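To keep things clear, I will list the structure first and then write my remarks on it.
The values are calculated or read from the model by the stated rules, or taken from the named source; none is laboratory data. A quick note: this is a predicted structure, and the numbers were derived from the prediction, not measured. In this analysis, Cβ positions are derived from the backbone assuming ideal geometry, glycine residues included, and neighbour counts consider all displayed protein chains.
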Amino acid sequence: MRFTFEVELDDATPDPTMLDELGRALRYWAGNLKHYPLTDGQHDAIRDSSYTEVGEWRITRGPVPASPPDDAPSPGASSHPASSHPVPSHAADDHPSEASGPS
């Protein structure tokens, strides 16, 4: 299983208020998670202190997707198809019915 906590931050350098809001959101949800079953599909909005939606947390099941490379290939350079990124070997062992990915 994977727990994902996503919060939209401004592109600018985080200011102290933004860091305070992020800390508040992390503390709130760390304490609140006990009220949710840790099962695939659980999710909820993340809100700042003014109750504006700023992100979402979710629980998903299945293999972790491959991360894209940090830099894109230069024009004319050979690129590797997505199938060249192997699924971690333990994924099929942990969840045999999901070895081919989520449906």
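Side notes on the structure shown:
- Index of the failed condition, I46 passing every other in (1) over 23 Å from F3 (Cβ atoms); (2) at pLDDT 90 or above: (1)
- Boolean, P63 is in a loop (DSSP other than H, G, I, E, B) and either at pLDDT 90 or above or touching an Asp or Glu at 6+ places or on another chain (Cβ under 8 Å) (or both): yes
- Checking D93 against (1) surrounded by 13 or more Cβ atoms within 10 Å (Cβ to Cβ); (2) modelled with pLDDT under 65, the condition it does not meet: (1)
- Residues of segment 1-16 that are farther than 16 Å from E53 by Cβ, at pLDDT 85 or above and not in a strand (DSSP E or B): M1 alone.
- Segment 18-31 residues that are closer than 10 Å to R47 by Cβ, paired with ones that are assigned to a helix (DSSP H, G or I) (beta carbon under 9 Å, 6 or more apart): none
- Taking the criterion of being hydroxyl-bearing (S, T, Y) and farther than 14 Å from I59 by Cβ, the residues of segment 5-48 that qualify are T13, T17, Y28.
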